[in-house]
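Undergrad: Handing you this structure, nothing more for now.
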Amino acid sequence: MLLTVPELIFLFLGFLVIATLYSSVGFGGGSSYLALLTLVFTSFFAIRSTALVCNLVVVSGSSYLYYKSGHLDFKKFLPFIVTSIPMAFIGARFKLQEHIFFMLLGGSLIVSALALIVQTFDPKKSDSVNTDYPPYVTYLLGAGIGLLSGLVGIGGGIFLAPVLNHMKWDKSIKIAALASFFILVNSISGIGGLVTNGTFELPWVEAIGLVIAVFIGGQMGIRLSLGKLTGSGIKIITAILVLMVGIRVLLINGFQMTI
């Protein structure tokens, strides 16, 4: 066991809260798991591996409930998935320096959040869906975000959802469902990349406790989303979460490592 009991309790409660909040908008919470794990783990590989496994647990349950509720449109989601899976695998095989990893993660999250905030609070915004995008756009988005998600060790939904909301690709609940499924397949692909590259490192005792925490939180969050959150509510929570995590990761984990 790598952690003390107080450290493990701190992580358990933190992961429980993160999973509840993030799953309510279709995310797994990987970016925030990474931020918390850097406080207690010294191994960079253990941090990435644990975050991906917890991501996978949360979005597996979320995807299932989105499917039961009729929000998972596999035919419409397929272009994102077929290009993101191989790119996430490739991205996970890169061995980035830690400060570059966190600067890339933080900067990407901040840009994504600001784009969604502008769209959410734009006085001229409407709830209409824009269907004028050519098919290749979805393939390119899937590939680009898949590669980025593999590089930084998260599922990528936290990048994809703000972009699609800004594009008015579909209703907010559909985008949340896609984000969840996108994270699911890319987390599996990312774990595969780590395993084949020999960098999958999981502290099993701590991981079991954290998996239990995120499973409970994920189930609570997705039920909140399906039962009570409106489209605007999903967008606002998404934007706030992404921005806060991006700033925190960039300042604490990115810039400080270069000093």
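Undergrad: Any idea how far apart residue 40 and residue 244 come out in nm if each label point goes 7 Å out from Cα toward Cβ?
TA: 1.9
Undergrad: What is the Rg over Rh value, at two decimals, for region 60-119, using alpha-carbon atoms and the Kirkwood definition of Rh?
TA: 1.08
Undergrad: Another one. Express the carbon and sulfur contribution to the solvent-accessible surface of region 1-90 as a percent, rounded to the nearest whole number, probe 1.4 angstrom.
TA: Summing carbon and sulfur atoms, their accessible area is 75 percent of the total for region 1-90.
Undergrad: From the protein chains alone at 1.4 Å, what is the descending order of accessible area for 158, 9, largest first?
TA: 9, 158
Undergrad: May I pose another question? Using unit Cβ charges (K, R positive; D, E negative) and no other charged atoms, how large, in debye to the nearest 20, is the dipole of the chain about its Cα centre?
TA: For this selection, approximately 520 debye.
Undergrad: Work out from phi, with θ = phi - 60° and the Karplus expression 6.51 cos²θ - 1.76 cosθ + 1.60, the ³J(HN,Hα) of each residue of region 29-44, listed in order in whole Hz, and give x for Gly and Pro.
TA: Rounded to whole hertz, the list is x, x, 5, 6, 4, 4, 4, 5, 5, 5, 6, 10, 9, 9, 7, 4.
Undergrad: Continuing with the same structure: I'd like the Karplus ³J(HN,Hα) series for region 107-113: coefficients 6.51, -1.76, 1.60, θ = phi - 60°, whole numbers in Hz, and an x wherever there's a Gly or Pro.
TA: Those phi angles translate into x, 5, 5, 5, 4, 4, 5 Hz.
Undergrad: Next question. Once both labels are modelled 7 Å past Cα along the beta-carbon direction, what's the residue 207-residue 118 spacing in nm?
TA: Result: 4.0 nm between the two label points.
Undergrad: If you average 1/r over every pair of different alpha-carbon atoms in region 169-222 and take one over that average, what Kirkwood value in Å do you get?
TA: Value: 13.3 Å, from the Cα pair sum.
Undergrad: A follow-up question, please. Which three extents, in whole angstrom, do the alpha-carbon atoms of region 4-76 cover along their principal axes, largest first?
TA: That works out to 44, 22, 14 Å along the principal axes.
Undergrad: Follow-up. Can you pull the Rg over Rh of region 157-200, Cα-only, Kirkwood?
TA: 1.17
Undergrad: How high is the relative contact order of region 1-59? Use alpha-carbon pairs under 8 Å, at least six apart in sequence, and give a whole percent.
TA: 36
Undergrad: Take the eigenvalues of the Cα gyration tensor for the chain, scale each by 5, and report the square roots as semi-axes in whole Å, largest first.
TA: 27, 19, 18
Undergrad: For residue 220 and residue 195, calculate 0.36 nm times their separation in residues minus their Cα-Cα distance, and state this gained length in nm to one decimal.
TA: Gain on extension, residue 220 to residue 195, equals 5.9 nm.
The values are calculated or read from the model by the stated rules, or taken from the named source; none is laboratory data. These numbers were taken from a predicted model, which means no experiment stands behind them. When we count neighbours, we look across all protein chains shown, and the Cβ atoms used for this are built from the backbone with ideal geometry, even at glycine. All accessible areas refer to the heavy atoms of the entire protein, side chains included, with ligands and DNA or RNA removed. Shrake-Rupley method; radii C 1.70, N 1.55, O 1.52, S 1.80 Å.
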